[in-house]
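Participant: This is the structure I have questions about; it appears just below.
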Amino acid sequence: VREALARRLPDYMVPARVLAVGELPLGDNGKIDRRALPALARRSDSRAPVPAEGELERSILDVWRELLGRDNFGVTDNFFDIGGHSLAAIKVVARLRERLGRELPTTLLFDAQTVRALAA
């Protein structure tokens, strides 16, 4: 499903996780009961997060951790797969501008979606 969507959608719109269910739970009004859907695990595999190499990667990773409010990801994890969204991406770029003292395009995280790609 992710591969098919990736051929048609920009990367940031492809869901990080997909879970097949036999049928959608419906409420009394016939609408999907979202609370009755099974929960998805945050990390779908057992890979250990890849640690930062160098000061720039550490700085970027710190900003992500601050703004996402979590720290169980590494420099090769995709920003949008670990819970980032468009508003958070804009906040990340603004914070990086402050910390690094460099002008950065607002669309930066849509083009380079990992800490390692941003550092490069």
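The values are calculated or read from the model by the stated rules, or taken from the named source; none is laboratory data. All values derive from a computational prediction rather than experimental measurement. No Cβ is skipped: glycine too gets one built from the backbone with ideal geometry, and neighbour counts run over all protein chains shown. Side chains included, ligands, DNA and RNA excluded: accessible areas come from the protein's heavy atoms. Shrake-Rupley method; radii C 1.70, N 1.55, O 1.52, S 1.80 Å.
Participant: So is Arg47 outside any loop (DSSP other than H, G, I, E, B), out of contact with any His (no Cβ under 9 Å at 6 or more places or on another chain) and among the charged types (D, E, K, R) or not?
Facilitator: Working: outside any loop (DSSP other than H, G, I, E, B): no; out of contact with any His (no Cβ under 9 Å at 6 or more places or on another chain): yes; among the charged types (D, E, K, R): yes.
Answer is no for this residue.
Participant: For Arg8, are the conditions met, namely being among the basic types (Lys, Arg) and touching a Ser or Thr at 6+ places or on another chain (Cβ under 6 Å)? Walk me through it before giving the result.
Facilitator: Details: among the basic types (Lys, Arg): yes; touching a Ser or Thr at 6+ places or on another chain (Cβ under 6 Å): no.
No: the conditions fail for Arg8.
Participant: Among Ala117, Ala48, which is open to solvent by less than 50 Å² (accessible area, probe 1.4 Å) and of a type in the set (Gly, Ala, Ser)?
Facilitator: Sole residue among the options that is open to solvent by less than 50 Å² (accessible area, probe 1.4 Å) and of a type in the set (Gly, Ala, Ser): Ala117.
Participant: How many of the residues making up the stretch 70-100 are part of a loop (DSSP other than H, G, I, E, B) and open to solvent by 70 Å² or more (accessible area, probe 1.4 Å)?
Facilitator: Adding up the residues that qualify gives 2.
Participant: Here is a further query. Which of the residues belonging to the stretch 51-69 are more than 15 Å from the chain's Cα centre (by Cα), open to solvent by less than 40 Å² (accessible area, probe 1.4 Å) and not acidic (Asp, Glu)?
Facilitator: Ala52, Gly54, Ser59
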